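What follows is a single structure, written as structure tokens, with notes after it.
The values are calculated or read from the model by the stated rules, or taken from the named source; none is laboratory data. Keep in mind that this is a model prediction, so the values were computed, not measured. So basically every Cβ, Gly included, is an ideal-geometry build from the backbone, and we count neighbours across all protein chains shown.
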Amino acid sequence: MAEVILRDGESLEEGLKRFKKKVQDAGILQEMKKREYYEAPSVKKKNKAYAANKKRKKNKRRF
């Protein structure tokens, strides 16, 4: 869990900025979005294969 303690003389905005950075680095938002809806295992597998093909085609075009 991301946690930030305000330093002496630090404004709330600066503390909030540090908190957002920690949340982003920890990947909490990505995990939350991933778990927002249930995805069947077969759909997960299909999406993973689709992403792999897309990545492979993108890398192939670079050469």
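Could you tell me whether segment 48-55 includes any residue that is among the hydroxyl-bearing types (Ser, Thr, Tyr) and outside any helix (DSSP H, G or I)? No, because not a single residue in segment 48-55 is among the hydroxyl-bearing types (Ser, Thr, Tyr) and outside any helix (DSSP H, G or I). Of Glu31, Glu39, Glu3, all but one fail to be surrounded by fewer than 11 Cβ atoms within 10 Å (Cβ to Cβ), assigned to a loop (DSSP other than H, G, I, E, B) and under 22 Å from the mean Cα position of the chain (by Cα); the exception is Glu3.
Of everything in segment 42-55, what is surrounded by fewer than 12 Cβ atoms within 10 Å (Cβ to Cβ) and of a type in the set (Lys, Arg)? Give them in sequence order. Before the answer, list the steps.
The initial filter retains those residues of segment 42-55 that are surrounded by fewer than 12 Cβ atoms within 10 Å (Cβ to Cβ), namely 42-45, 47-55.
Result: Lys44, Lys45, Lys48, Lys54, Lys55.
For segment 6-28, the candidate set comprises residues that are of a type in the set (Asp, Glu) and not in a loop (DSSP other than H, G, I, E, B); within that set, the residue that is modelled with the lowest pLDDT is Asp25.
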